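Enquirer: Please find one structure pasted underneath; my questions will follow.
The values are calculated or read from the model by the stated rules, or taken from the named source; none is laboratory data. In this text the structure is predicted, and so the values were computed from the model without any measurement. All Cβ positions, even for glycine, are placed from backbone atoms using ideal geometry, and neighbour counts span all protein chains on display.
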Amino acid sequence: MGKEPSGHAIDETRRRLICELAKLPAATVLLSLTGPVRARAEGDEETDEHHYAMGIQIDRCIGCGLCVEACKVENDVPDEPFYFRTWVERYTIYEDGEVVVDSPHGGRDGFRPRSEDEERRVLRSFFVPKLCNHCDNPPCVQVCPVGATFKTREGVVLVDSDYCIGCRYCIQACPYGARYLDPRTKTADKCTFCYHRLRRGLLPACVEVCPTQARVFGELEQQASPLHRLKRFEPLHVLKPELNTDPKVFYTDLDGVVR
Amino acid sequence: MVGTQHGATMARRRRIPGQLVRLGILFALLAGALLYVRGRFVPLTFGELGHYRAAAIGTLAAQSIRFAGMEACAECHDDVAAVKQRSYHRGLSCEGCHGAASAHVEDPLASTPAIPKERQRCLRCHRYLASRPTGFPQVLERVHHPVKACVECHDPHDPAPPIPPSECAACHGAIARTKAVSHHWSLDCEQCHAAPAEHRQNPRAFLPKKPTERAFCGQCHARGSDAPVGIPRVDLAEHGGRYLCWQCHYPHAPEGG
């Protein structure tokens, strides 16, 4: 008999105490939500509808370097031969098995015949255009200490140059060597898939100028996309698949020696 | 029983124990400090879409374009675009040769795109390089009319050669050079690859033929063939089993070359 009311009283006290305590974190959350002014930036209508990716057909690349030149012009990349958002490598495999990779000025001015080729027998040779792989699991984003590089919902990996502190971790982390430190702003920079052009419904500059359509740009999920068509007809490969970075730049006819 | 009743009345009188009130004040102060620091140092749109500044996307998307795209050129230069559309250069963007032209599209009179006429511009794509894909038209710059500008003979918007090449080596230089120093040097290309005449004008649409069976090589290399003495001969029935000749031997440079 006597137990029941006192039990109620304890329950009530406990309930009140819990309520009072619960108000503290709740207040903190409410304050933090209303505290700083939430302002959406102009034109950041990022969507889930696009899943951009690029295909590169190695057996079509003629090594003209128009893509490298166009990229430098479109994105105002410094002209020195250390700064590239995209570049073209020439692979030469000699009969004795030696593999020589060269990329004079990133291929910006095209290629000239190699002088060694006249004396040695070349087994096979080809060009490999390279750029940021826009990994689905990007190591550069993982290591950024301030959140200045990120993957948009469209799958494009971008760099916020206003927020980058120039620590170069991402440059170290990229297994494809796709990043560089812009000497003018001292911030990391890299290929954006010409994000500003995609937003205007244009193709990336390198794809626009490619004379042999070695570069194919499209969407992964849409059936009516040039990339989807390429996928249907050719087996696609990625660079360094063992790193589990899940790149979104796909290659056809990728030779085993390409790293 | 008595103790519980006493505790209940105490709790009813002082609803929150004093130490909790002090702790609460401390928490409130810390939370306030945290919010102040956060508001001060975390950018406005950070975390809105992910662990980054959402406003950065707008900044990046606002970058101005330099390459206007082929469609923009065709809006005014439809005559040139129509010619180019039917030529071998149909896949080549206007701005690939003429340079970035979005300024010209904005205001046609403000700037005029370049018209490159020097050999080096064409040779960038058409200079012979071993690394280029087979079948891509290439020339040896020292052999192919060395002092003439390309545009004297070829219209860049419709670059089909004015005179069809007379020799296979004009396009298939690498194969021709390999064959020239091999045991097959004296064989005509046409002896194995019967090519329709149209192949010289439109190479991809009219492909030359290739041998399809062992008996073709057997015309010279089978025992009992009436080819000159000294040509190596094998017993076609026994040699090579089920393989075709060119699965082991490279016909443009057979062994012993």
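Enquirer: Against the condition under 27 Å from B:Met70 (Cα atoms) and touching a helix residue (DSSP H, G or I) at 6+ places or on another chain (Cβ under 6 Å), how does B:Cys122 come out, does it pass?
Expert: On the way: under 27 Å from B:Met70 (Cα atoms): yes; touching a helix residue (DSSP H, G or I) at 6+ places or on another chain (Cβ under 6 Å): yes.
Spelling it out, B:Cys122 is indeed under 27 Å from B:Met70 (Cα atoms) and touching a helix residue (DSSP H, G or I) at 6+ places or on another chain (Cβ under 6 Å).
Enquirer: Across region B:155-173, what is the number of residues that are out of contact with any Phe, Trp or Tyr (no Cβ under 8 Å at 6 or more places or on another chain) and modelled with pLDDT under 85?
Expert: Looking only at that region, the number is 11.
Enquirer: Next question, about the same structure. Might you check whether a residue that is at pLDDT 95 or above and of a type in the set (S, T, N, Q) occurs anywhere in region A:29-48?
Expert: Looking only at region A:29-48, we keep the residues that are at pLDDT 95 or above, and these are none.
No, region A:29-48 has no match at all.
Enquirer: Could you check how many residues of region A:135-184 are surrounded by 20 or more Cβ atoms within 10 Å (Cβ to Cβ) and more than 14 Å from chain B (Cβ to nearest Cβ)?
Expert: The number of residues fulfilling the criteria is 5.
Enquirer: Just a yes or no: is a residue in region A:91-113 polar (S, T, N, Q), in contact with a Lys or Arg (Cβ under 7 Å, 6 or more places away or on another chain) and either assigned to a loop (DSSP other than H, G, I, E, B) or surrounded by fewer than 19 Cβ atoms within 10 Å (Cβ to Cβ) (or both)?
Expert: Of all residues in region A:91-113, those polar (S, T, N, Q) come to A:92, A:103.
If we keep only those that are in contact with a Lys or Arg (Cβ under 7 Å, 6 or more places away or on another chain) too, we end up with A:92, A:103.
Filter again for either assigned to a loop (DSSP other than H, G, I, E, B) or surrounded by fewer than 19 Cβ atoms within 10 Å (Cβ to Cβ) (or both), leaving A:103.
Yes, region A:91-113 contains a residue that is polar (S, T, N, Q), in contact with a Lys or Arg (Cβ under 7 Å, 6 or more places away or on another chain) and either assigned to a loop (DSSP other than H, G, I, E, B) or surrounded by fewer than 19 Cβ atoms within 10 Å (Cβ to Cβ) (or both).
Enquirer: Of all the residues that make up region A:59-81, how many are more than 8 Å from chain B (Cβ to nearest Cβ) and on the phi > 0 side of the Ramachandran plot?
Expert: 1
Enquirer: Something else about it: Which residue, of B:Arg121, B:Arg132, B:Arg90, is at the interface with chain A (Cβ under 9 Å from one of its Cβ atoms) and either farther than 13 Å from A:Thr212 by Cβ or of a type outside the set (Asp, Glu) (or both)? Working first, answer last.
Expert: Values: B:Arg121 fails: at the interface with chain A (Cβ under 9 Å from one of its Cβ atoms); B:Arg90 fails: at the interface with chain A (Cβ under 9 Å from one of its Cβ atoms).
On inspection, the qualifying residue turns out to be B:Arg132.
Here is a yes/no grid of residues against (1) touching a helix residue (DSSP H, G or I) at 6+ places or on another chain (Cβ under 6 Å); (2) basic (Lys, Arg); (3) part of a loop (DSSP other than H, G, I, E, B); (4) over 16 Å from B:His184 (Cβ atoms):
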position: B:Gly224; (1), (2), (3), (4): no, no, yes, yes
position: B:Gly241; (1), (2), (3), (4): no, no, yes, yes
position: B:Gln247; (1), (2), (3), (4): no, no, no, yes
position: B:Tyr250; (1), (2), (3), (4): no, no, yes, no
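Enquirer: Can you run down the residue pairs with Cβ atoms below 8 Å, 6 or more apart or on separate chains, where the first is in region B:147-174 and within 18 Å of B:His89 (Cβ to Cβ) and in contact (Cβ under 8 Å) with a residue 12 or more places away in the chain and the partner is part of a loop (DSSP other than H, G, I, E, B) and among the hydroxyl-bearing types (Ser, Thr, Tyr)?
Expert: Here the result reads B:His157/B:Ser87; B:Asp158/B:Ser87; B:Pro159/B:Ser87; B:Ala160/B:Ser87, each pair linking region B:147-174 to a residue that is part of a loop (DSSP other than H, G, I, E, B) and among the hydroxyl-bearing types (Ser, Thr, Tyr).
Enquirer: Among the residues of region A:223-250, which ones are in contact (Cβ under 8 Å) with a residue 40 or more places away in the chain and assigned to a loop (DSSP other than H, G, I, E, B)?
Expert: A:Glu234, A:Leu236, A:Val238, A:Leu239, A:Lys240, A:Asn244, A:Thr245, A:Asp246, A:Pro247, A:Lys248 - these are the residues of region A:223-250 that are in contact (Cβ under 8 Å) with a residue 40 or more places away in the chain and assigned to a loop (DSSP other than H, G, I, E, B).
Enquirer: Here are A:Arg114, A:Arg121: which of them is within 14 Å of chain B (Cβ to nearest Cβ), in contact with a Ser or Thr (Cβ under 9 Å, 6 or more places away or on another chain) and among the basic types (Lys, Arg)?
Expert: Working: A:Arg121 fails: in contact with a Ser or Thr (Cβ under 9 Å, 6 or more places away or on another chain).
The match here is A:Arg114.
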